[in-house]
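Please read the structure below before turning to the comments.
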Amino acid sequence: MTESIADTITPGAVLVINAGSSSLKYQLVDPASAQVYANGLAERIGEPVGSSITHMVGNRERILEVALPDHRTAIAEVVELFRADGIHLADAGLTAVGHRLVHGGTEFHSPIVIDDAVIATIERLSPLAPLHNPPTLRGVEAVSELLPDVPAVGIFDTAFFYDLPAAAATYAIDTEVAAEYGIRRYGFHGTSHQYVSRCAARFLGRRNDEVNQIVLHLGNGASASAIRGGRPVDTSMGLTPLEGLVMGTRVGDIDPGIAFHLARVGGMSVDDVDRIYNKHGGLKGLCGENDFRAILERIDAGDAAAKLAYDVYVHRLRHYLGAYMIDLGRVDAVVFTAGVGENAAAVRADALAGLENFGIVLDSERNVERSRVSRRISTDDSPIAVLVVPTNEELAIAQQAAEVVLTS
Ligand code: ADP
């Protein structure tokens, strides 16, 4: 007889929730052992047709095609899927539900147990992240209704960067306008940058507070950070996750005047420009494709648009690398993470090509080895270590949520 997850689950597990506007990712994980009991994705929430939940237990996948008019229904269906596996989430001894929250403004510096006051503050911050904060709050409310006795903890994507030095956090914009509208650089992907930088220090066998590193989180969204002794001193994303590196569908850094040009000359609305910047920019805007694997295949087949998209991507990446090397002065490690950073050896090689005089010497054989654990891809005598460190945002959220509950 096969063992069900209900038999393996230990008290203390954390349910991690990552709610987007029309999707909701979840994972039930043990924060101590990192064991994932189950995970899944509810898609097309609020859409009239085609909604579904993909529920994974080990490598057993179940796809439930079901109407999901709102987040509450999605969570209720997820709770039912667990029940079918013999797990009653409400009384499974969960330590916490950890919610990924995008924008904590300047208010939230660390994980926090979510109560009515916290919800009110996040609502107040919604204008800073109109696409992200409202759906995550709907996820929080739905889970709290269905699992009222499990503490809900909010982990903010911005929190790690809350004390960026003023020179890095400040835009050169009218200070009164900035103050009135909360305009400054907040940074995102903080959970990943923090988790990966700690893993990198541990991998090097050094204390986190003595390592200077540049973390390159290259997924569909992409961001870079410069971290001195465990604290970020700069990061590439700003008021929104649109700034910085070239991303899957986001433009990253761009002349702000382009928006005026498109409005004045092209007659475009704010929504039109938003779509061009957020949904149809980056790699997708340049070559119609945001899946990096497909881009690499097209380059191999001689596709010029894919090659230009790749070259623009790498060019921007090298700019940030150079800037952050100067910011930090002394760099101990350059760390690649997320889908592209962990898997695309070509990007790592091209981003670091010719930097031997700056202390970065890649080992080309190590670079192409495939592995799912942290590894060094520089030569042993490279003054700056180059590492690939797999990110695990769900585990980081679960660990932080458990820590808050167990220590409060
Ligand atoms: P996100 O969590 O931001 O959606 P991921 O960290 O999962 O993104 O990264 C997704 C990106 O990683 C995609 O562009 C995908 O093509 C790319 N990727 C995944 N595996 C590989 C691979 N083996 N080689 C190159 N790119 C890859």
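The values are calculated or read from the model by the stated rules, or taken from the named source; none is laboratory data. Quick caveat, the model's predicted, so the values are computed rather than measured. All Cβ positions, glycine included, derive from the backbone under ideal geometry; neighbour counts span all protein chains shown.
Of note:
- Meets criteria (surrounded by fewer than 21 Cβ atoms within 10 Å (Cβ to Cβ), outside the structural domain of Val113 (by TED's automatic domain parsing) and on the phi < 0 side of the Ramachandran plot) for Ala402: no
- Screening the range 270-343 for helices (runs of 4 or more DSSP H) wholly inside it with 3 or more residues that are away from the ligand (no atom under 16 Å from the Cβ) returns the ranges 270-274, 304-328.
- Residue in the range 369-385 that is under 19 Å from the mean Cα position of the chain (by Cα), within 16 Å of the ligand (Cβ to nearest atom), among the hydrophobic types (A, V, I, L, M, F, W, C) and surrounded by fewer than 18 Cβ atoms within 10 Å (Cβ to Cβ) present: yes
- Checked against the criterion of being closer than 15 Å to Ala309 by Cα and touching a residue at least 40 places away in the same chain (Cβ under 8 Å), the range 250-272 contains one or more residues that satisfy it.
- Condition met for Gly187 (in contact (Cβ under 8 Å) with a residue 24 or more places away in the chain, of a type outside the set (Phe, Trp, Tyr), under 26 Å from His99 (Cα atoms) and touching a helix residue (DSSP H, G or I) at 6+ places or on another chain (Cβ under 6 Å)): yes
- Sole exception among (1) closer than 18 Å to Arg198 by Cβ; (2) surrounded by fewer than 21 Cβ atoms within 10 Å (Cβ to Cβ) for Ala396, by number: (2)
- Cβ-Cβ under 7 Å pairs, at least 6 apart or on other chains, the range 219-238 side within 13 Å of the ligand (Cβ to nearest atom), far side assigned to a strand (DSSP E or B) and among the aliphatic types (A, V, I, L, M): none
- Among residues that are over 30 Å from Gly359 (Cβ atoms), assigned by TED's automatic domain parsing to the domain that holds Leu355 and not hydroxyl-bearing (Ser, Thr, Tyr), His280 is included.
- Taken as a whole, the range 260-283 holds no residue that is within 17 Å of Gly341 (Cα to Cα) and among the acidic types (Asp, Glu).
- A residue that is within 12 Å of the ligand (Cβ to nearest atom) and surrounded by fewer than 21 Cβ atoms within 10 Å (Cβ to Cβ) occurs nowhere in the range 250-262.
- The residues of the range 79-103 that are in a loop (DSSP other than H, G, I, E, B) and in contact (Cβ under 8 Å) with a residue 40 or more places away in the chain, listed by number, are Asp85, Gly86, Ile87, Ala92, Gly93, Leu94, Thr95, Val102, His103.
- Some residue of the range 222-233 being in contact with a helix residue (DSSP H, G or I) (Cβ under 8 Å, 6 or more places away or on another chain), buried (at least 24 other Cβ atoms within 10 Å of the Cβ) and more than 18 Å from Leu321 (Cα to Cα): no
- A single member of Ala76, Ala42 is touching a residue at least 60 places away in the same chain (Cβ under 8 Å) and aliphatic (A, V, I, L, M), and it is Ala76.
- Residues in the range 344-357 that are out of contact with any strand residue (DSSP E or B) (no Cβ under 6 Å at 6 or more places or on another chain) and away from the ligand (no atom under 14 Å from the Cβ) were compared, and the one that is nearest to Asn220 (Cα to Cα) is Ala353.
- Residue, surrounded by the fewest Cβ atoms within 10 Å (Cβ to Cβ), within the range 300-323, restricted to residues that are out of contact with any Ser or Thr (no Cβ under 8 Å at 6 or more places or on another chain) and of a type in the set (Phe, Trp, Tyr): Tyr310
- Any hit, the range 162-184, residues being among the hydrophobic types (A, V, I, L, M, F, W, C), buried (at least 23 other Cβ atoms within 10 Å of the Cβ) and not assigned by TED's automatic domain parsing to the domain that holds Val386: no
- Search result, residues across the range 174-233 that are among the hydroxyl-bearing types (Ser, Thr, Tyr) and within 20 Å of Arg375 (Cβ to Cβ): Ser192, Tyr195, Ser197
- Any pair with Cβ under 6 angstrom, 6 or more apart, that starts in the range 307-332 at a residue that is within 29 Å of Arg293 (Cα to Cα) and ends at one that is charged (D, E, K, R) and modelled with pLDDT of 95 or more: Val314/Asp350
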